[in-house]
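Trainee: Mind having a look at this structure? Questions to follow.
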Amino acid sequence: PALAATKPSYIVYLGGVGVSPEEAHRTAAESHYDLLGSVLGDREKARDAIFYSYMRNINGFAAGLEPEEAAAVAEHPAVVSVFPNRGRRLH
Amino acid sequence: TTRSWQFMGLERADGEVPQWSAWEVARYGEDAIIGNLDSGVWPESLSFNDGELGPIPDNWKGICQNEHDKTFQCNSKLVGARYFNKGYAAAIGLPLNDTQKTPRDDNGHGTHTLATAGGSAVRGAAAFGYGNGTARGGSPRARVAAYRVCYPPVNGSDECYDADILAAFEAAIADGVHVISASVGADPNDYLEDAVAIGSLHAVKAGVTVVCSASNYGPDPGTVTNVAPWILTVAASTTDRAFPAHVVFNRTRAEGQSLSATWLRGRGFYLMISAADAAAPSRSPADAQVCSLGALDAEKVMGKIVVCVRGGSPRVEKGEAVSRAGGAGMILVNDEASGHDVIADPHVIPAVHISYADGLALLAYINSTKDARGFITKAKTVLGTTPSPVMASFSSQGPNTVNPEILKPDVTAPGVSVIAAWSGAAGPTGLPYDLRRVAFNTQTGTSMSCPHVSGVAGLIKTLHPDWSPAAIKSAIMTTATELDSELKPILNSSLSPATPFSYGAGHVFPHRALDPGLVYDITADDYLDFLCSLGYNATSLELFNEAPYRCPDDPLDPLDLNYPSITVYDLAEPAAVRRRVRNVGPPATYTATVVREPEGVQVTVTPATLAFESTGEVRDFWVKFAVRDAAPAVDYAFGAIVWSDGNHQVRSPLVVKTQG
C-alpha cells in the first residue's frame, strides 16, 4: 500500500502458462521478477513492485509502476499487454 | 430467489416442483460448482445450509480462507471462499483493516448474487413481509464458492479492481469451479486489456462457463459491457410480480411501487408539502427538492408527507432525510428522464415511488392550495402482472461497441425486485445509518439477472457434464424466447417493442435449455482465429495459447465465428455467413425457417434442411443476406431464423446493419 499510494498500478499480461501448474508455481514468480527487473534495471525493485504473480492458468503480474515504466514493460517481446488496474462497479 | 423460478416455469405457483421441471430433470444442479466473483458471502445465511448435500467432491481444490475471521466457516454447500484485496489496496493507497481481509460479505451484494445462482431452498423467505415464498438458487443443489473481489469504495473510488478480479479468475479455474458468475462491469475495452475478458478466455479454455452482467448503463444504445464473445452477457427484465402502493390526493389515486416495512396509521389524510418548499435555512431549494440529507427544515415538514424528486441522492436516502426532519411519509416522484420507471425500494418510512406524470399532477395540486392533503396506502404483493417480462430501463443495450459483429447482450433474465439472501453486516438499503438487519432483501440490476443465468448454466452442466462452455451458452441462447407471458413481443419499459439490442436472443427458458436439439459449438482455437481476424498478432495469441499458433492463411471473417446469434455489419453487397451446428439430440431432420426477415433485407438459408443420423453429428449451413433493391436503406434491422425438427426450436436472432 505504501508503494501504491505513490504509484499507479498495472497488470502485465504475458499469456498462458505452458507447463504444469506445480512447475509454473515454482518458476513463474521468479521469471516475473526477472522480466520486470530487466526493464527497471533492478531485480529487487521489481520484487517490491509486484503484488500479484498470476501463474496457475494465467501468466502475468500486477505491479505498482510509473507510467513510463509501464510503457517500457509493454515493449518487452514476452508481453502481450499492459493495462491499468481499472476499477469496476457492482451492478 | 422467490417467484422468478416460478415465472420461468421451474415450479408451480404453490411452490411445488413438478416432475417435468428443469430442476427435477437436471437433479437441481447437483455436482455443479458455481463460483461467484463479488463482495464475498455471508456464510451463516440459510441459503448456504448444507443439509441436503453429501461430502465435498474429491476433485475440489478450493479453500476456506478465514485466517483473519475464524467465525467464517465453509461447509458442504459453501465449499470455498477466498478474498483478493491487493489490487484494491494498491488503488486506494490505504492500509486494510480486518473486515477487508476476509471473504465475509459486509455489503450484501455478493450474498444475494451467490444465493440467486446456487442457494439452497429456504421456505418462508420474504423481504419486509413482501414476496413470501421458497427462496432457491437456479441450481439449488450445486456447491458454491465465493471469491471476494469487491470492497467498500473509499472517497468515491470503485469497488472492484482488475488485479483482484484476474487473481480470482485464476483461483476459481484452479479450484475446479464449473461456472463463474461475475456481476461487475466497466466500460468496454480491448479484449487483451480487459481483466474480465482475459480471465474468462482462460476460464473458457479450461472448460469453465463464464456469465457476466451487461451493466446498468441503459437505456442508451451502445452501453453494453462484458462483450467478449466467450462471455455469456445478461440483460435484466421484470417478472410478473409487483409491489403496488397508492397515493391518494384530491380525489385522485396514483399507483406507484414500494417495499416500505411501515405504513401510515389511521384513515385521516396528512398535510403534504413539496420538499422544494421545505429547505433548511442553510440549504438550497435544489438540495431540498431531491431530499438530500439535512436539506429539509424540520419545522416545515414535521408530521407531513413530503414530496421528493428523484435524483441527487440515492432513492432510499430520501426517506431517511424526511424521517430525520420528522416527516410522516415520503412520495418519490420521477424526473422527466425517468418517466414511469418506478422501483419498489425498502424505504425506512411509509413511502411510494410514482411516475413523472403522476408527480406533475400531485405537485400541481400541492401548488394550487395551502391545505394539500393526501395519504399513502400500504404496498401489497401482486402476482401475474402483465405485460411481463418487460425490459428494465437501466439494462445496458447493444450494439456492441468493441465488436459490432457480435450481438450483445446475449440473453435477458429477471433483474428487478429480486428477493434473495442478504448479509448480516449491512442494512437492506446499504446505507451506513440503516441499522435494520434482514435475512432476505430485494435488489434490482443486471447483477441480479446474471446469477439467474449462472444457475441455469449449472443445471445444464449437471445434465451434460461434457458440454463445452460454448455449447452451454448456445443452449441457453437458442432456446430463449422473444415473447412475453402472453406470447406477445417483449416490450421496453416505455412499453414500446424491445429489440435484440435489449434482450439478445431473448428471455431464458430453462426447461428448453436442457434439451436444445442443436448447439453452435466454439473451441478455444475458434476464438483464437476470431482474434486473428480482428487483427491481434499471432505472437500474442501464441503466448495465450501456451503453444505454437499460426493465424489461418485464409483469415476467418469475424461474421463467421460460430456464434448462436448472427450479426451482419455494413451490408452492401450480398453476404453469406457460415454456421455449424452439432446435434445433441436423437437422430432427426431439421428444417430452417426465416421467421422474420430484417426490414429491407432478403434472407436465405442453404441448405434448408439438415439430416442428422446420430447424436454428435455436425453440419454446416450458410445464411445469405441481400439488400432488397426496392427497399430503402435502413439502419439496424432485426429478424430471426429457426431450425426445427418438430420437437425442438433452435432460434438465432438476426441483426443486420445496411450500409448507407
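The values are calculated or read from the model by the stated rules, or taken from the named source; none is laboratory data. Everything numeric here is computed off the predicted structure, so don't read it as measured data. Because the Cβ atoms are built from the backbone with ideal geometry, glycine has one as well, and the counts that use them run over all protein chains shown.
Per-residue answers, yes or no, for (1) part of a loop (DSSP other than H, G, I, E, B); (2) touching a Ser or Thr at 6+ places or on another chain (Cβ under 9 Å); (3) within 20 Å of residue B:31 (Cβ to Cβ):
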{"site": "B:455", "(1), (2), (3)": "no, yes, yes"}
{"site": "B:458", "(1), (2), (3)": "no, yes, yes"}
{"site": "B:466", "(1), (2), (3)": "yes, no, yes"}
{"site": "B:470", "(1), (2), (3)": "no, yes, no"}
{"site": "B:473", "(1), (2), (3)": "no, yes, yes"}
{"site": "B:477", "(1), (2), (3)": "no, yes, no"}
{"site": "B:486", "(1), (2), (3)": "yes, yes, no"}
{"site": "B:494", "(1), (2), (3)": "yes, yes, no"}
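Trainee: If the Cβ limit is 6 Å and pairs must be 6+ apart or interchain, which residue in segment B:616-629 that is closer than 18 Å to residue B:570 by Cβ pairs with which residue that is surrounded by fewer than 13 Cβ atoms within 10 Å (Cβ to Cβ)?
Mentor: That search, which allows pairs on different chains as well, returns B:626/B:574.
Trainee: Here's something else I'd like to know. Of the conditions (1) charged (D, E, K, R); (2) farther than 16 Å from residue B:232 by Cβ; (3) touching a strand residue (DSSP E or B) at 6+ places or on another chain (Cβ under 9 Å), residue B:473 fails just one. Which one is it?
Mentor: (2)
Trainee: While we're here: So which residues in segment B:151-164 are within 8 Å of chain A (Cβ to nearest Cβ) and either free of Cβ contacts under 8 Å to residues at least 24 places away in the same chain or among the basic types (Lys, Arg) (or both), if there are any at all?
Mentor: Residues satisfying the conditions do not exist here.
Trainee: Something else about it: Criterion first (in contact with a strand residue (DSSP E or B) (Cβ under 7 Å, 6 or more places away or on another chain) and either over 20 Å from residue B:179 (Cα atoms) or of a type in the set (S, T, N, Q) (or both)) does residue B:36 satisfy it?
Mentor: yes
Trainee: Inside segment A:1-50, can you point out the residues that are in a loop (DSSP other than H, G, I, E, B), within 14 Å of another protein chain (Cβ to nearest Cβ) and either at pLDDT 95 or above or surrounded by fewer than 19 Cβ atoms within 10 Å (Cβ to Cβ) (or both)?
Mentor: A:1, A:2, A:3, A:5, A:6, A:7, A:8, A:18, A:19, A:20
Trainee: Among the residues of segment B:92-106, which ones are assigned to a loop (DSSP other than H, G, I, E, B) and either at the interface with chain A (Cβ under 8 Å from one of its Cβ atoms) or among the acidic types (Asp, Glu) (or both)? Please lay out each step first, then the result.
Mentor: Of the residues in segment B:92-106, the ones assigned to a loop (DSSP other than H, G, I, E, B) are B:93-97, B:101-103, B:105-106.
Answer for segment B:92-106, where residues must be assigned to a loop (DSSP other than H, G, I, E, B) and either at the interface with chain A (Cβ under 8 Å from one of its Cβ atoms) or among the acidic types (Asp, Glu) (or both): B:93, B:94, B:95, B:96, B:105, B:106.
Trainee: Can you tell me which residues in segment A:65-91 are in contact with a helix residue (DSSP H, G or I) (Cβ under 8 Å, 6 or more places away or on another chain), among the charged types (D, E, K, R) and within 7 Å of chain B (Cβ to nearest Cβ)?
Mentor: Once the filter is applied, which keeps residues that are in contact with a helix residue (DSSP H, G or I) (Cβ under 8 Å, 6 or more places away or on another chain), among the charged types (D, E, K, R) and within 7 Å of chain B (Cβ to nearest Cβ), segment A:65-91 yields A:86, A:88.
Trainee: Take the residues in segment B:186-206 that are surrounded by fewer than 22 Cβ atoms within 10 Å (Cβ to Cβ) and hydrophobic (A, V, I, L, M, F, W, C), then tell me which one is farthest from the other protein chains (Cβ to nearest Cβ).
Mentor: B:206
Residue-wise test of (1) modelled with pLDDT of 95 or more; (2) surrounded by fewer than 24 Cβ atoms within 10 Å (Cβ to Cβ).
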| site | (1), (2) |
| --- | --- |
| B:289 | yes, yes |
| B:307 | yes, no |
| B:316 | no, yes |
| B:330 | yes, no |
| B:360 | yes, yes |
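Trainee: Tell me, please, whether a residue that is among the polar types (S, T, N, Q) and buried (at least 17 other Cβ atoms within 10 Å of the Cβ) can be found in segment B:261-270. Explain how you work it out, then say what you get.
Mentor: Looking only at segment B:261-270, we keep the residues that are among the polar types (S, T, N, Q), and these are B:262.
Okay, now just the ones that are also buried (at least 17 other Cβ atoms within 10 Å of the Cβ), so none.
There is no residue in segment B:261-270 that is among the polar types (S, T, N, Q) and buried (at least 17 other Cβ atoms within 10 Å of the Cβ).
Trainee: Report yes if residue B:592 is without any contact (Cβ under 8 Å) to a residue 24 or more places away in the chain and part of a strand (DSSP E or B), otherwise no. Break it down into steps so the answer makes sense when it comes.
Mentor: On the way: without any contact (Cβ under 8 Å) to a residue 24 or more places away in the chain: no; part of a strand (DSSP E or B): yes.
So residue B:592 fails the test.
Trainee: Which one is farthest from residue B:205 (Cα to Cα) among residues in segment B:537-557 that are within 14 Å of chain A (Cβ to nearest Cβ) and among the hydrophobic types (A, V, I, L, M, F, W, C)? Break it down stepwise before answering.
Mentor: To start, the set of residues in segment B:537-557 that are within 14 Å of chain A (Cβ to nearest Cβ) comprises B:537-549.
Retained after the next criterion (residues that are among the hydrophobic types (A, V, I, L, M, F, W, C)): B:538, B:541, B:543-544, B:547.
Details: B:538: 17, B:541: 13, B:543: 14, B:544: 10, B:547: 13 Å.
The qualifying residue farthest from residue B:205 (Cα to Cα) is B:538.
Trainee: Next question. Would you mind telling me which numbered condition in (1) modelled with pLDDT under 95; (2) over 20 Å from the mean Cα position of the chain (by Cα) residue B:184 fails?
Mentor: (2)
Trainee: Report, by residue number, each residue of segment B:598-615 that is at pLDDT 95 or above and either acidic (Asp, Glu) or in contact with a His (Cβ under 7 Å, 6 or more places away or on another chain) (or both).
Mentor: B:613
Trainee: Applying the selection to segment A:65-91, what residues are closer than 30 Å to residue B:445 by Cβ, free of Cβ contacts under 8 Å to residues at least 24 places away in the same chain and either in a strand (DSSP E or B) or acidic (Asp, Glu) (or both)?
Mentor: Step one: of segment A:65-91, the residues closer than 30 Å to residue B:445 by Cβ are A:81, A:83-91.
Remaining after also requiring free of Cβ contacts under 8 Å to residues at least 24 places away in the same chain: A:86-91.
A:87, A:88, A:89, A:90 - these are the residues of segment A:65-91 that are closer than 30 Å to residue B:445 by Cβ, free of Cβ contacts under 8 Å to residues at least 24 places away in the same chain and either in a strand (DSSP E or B) or acidic (Asp, Glu) (or both).
Trainee: Output the residue which, of all residues in segment B:153-162 that are more than 23 Å from residue B:455 (Cβ to Cβ) and modelled with pLDDT of 95 or more, is surrounded by the fewest Cβ atoms within 10 Å (Cβ to Cβ).
Mentor: Looking at residues that are more than 23 Å from residue B:455 (Cβ to Cβ) and modelled with pLDDT of 95 or more, I get B:162.
Trainee: Let me ask another. Do you know which residues across segment B:506-525 are at pLDDT 95 or above, part of a helix (DSSP H, G or I) and under 29 Å from residue B:198 (Cβ atoms)?
Mentor: Within segment B:506-525, B:513 is the sole residue that qualifies.
Trainee: Moving to a separate point now. In the set B:567, B:539, which member is outside any loop (DSSP other than H, G, I, E, B) and more than 30 Å from the chain's Cα centre (by Cα)?
Mentor: Numbers: B:567 fails: more than 30 Å from the chain's Cα centre (by Cα).
Being outside any loop (DSSP other than H, G, I, E, B) and more than 30 Å from the chain's Cα centre (by Cα) holds for just one of B:567, B:539, which is B:539.
Trainee: I would also like to ask the following. Suppose the filter is facing another protein chain (nearest Cβ under 8 Å), in contact with a Gly (Cβ under 9 Å, 6 or more places away or on another chain), in contact (Cβ under 8 Å) with a residue 24 or more places away in the chain and not in a loop (DSSP other than H, G, I, E, B); does residue A:62 pass it? Write out each step before concluding.
Mentor: On the way: facing another protein chain (nearest Cβ under 8 Å): yes; in contact with a Gly (Cβ under 9 Å, 6 or more places away or on another chain): yes; in contact (Cβ under 8 Å) with a residue 24 or more places away in the chain: yes; not in a loop (DSSP other than H, G, I, E, B): yes.
Here the answer is yes, as residue A:62 does meet what is asked.
Trainee: Let me ask something else about it. Looking at (1) within 30 Å of residue B:338 (Cβ to Cβ); (2) within 14 Å of chain A (Cβ to nearest Cβ); (3) part of a strand (DSSP E or B), find the lone condition where residue B:223 falls short.
Mentor: Residue B:223 satisfies all of (1) within 30 Å of residue B:338 (Cβ to Cβ); (2) within 14 Å of chain A (Cβ to nearest Cβ); (3) part of a strand (DSSP E or B) except (3).
Trainee: Filter segment B:165-185 for residues that are out of contact with any Cys (no Cβ under 8 Å at 6 or more places or on another chain) and facing chain A (nearest Cβ under 10 Å) and give the result. Spell out how you get there, then give the answer.
Mentor: First pass over segment B:165-185, keeping only residues out of contact with any Cys (no Cβ under 8 Å at 6 or more places or on another chain): B:165-180.
Result: B:165, B:166, B:167, B:169, B:170, B:171, B:172, B:173, B:174, B:175.
Trainee: Turning to a different aspect of this structure: Within segment B:335-358, can you find the residues that are under 22 Å from residue B:262 (Cβ atoms) and among the small types (Gly, Ala, Ser)?
Mentor: B:344, B:351 - these are the residues of segment B:335-358 that are under 22 Å from residue B:262 (Cβ atoms) and among the small types (Gly, Ala, Ser).
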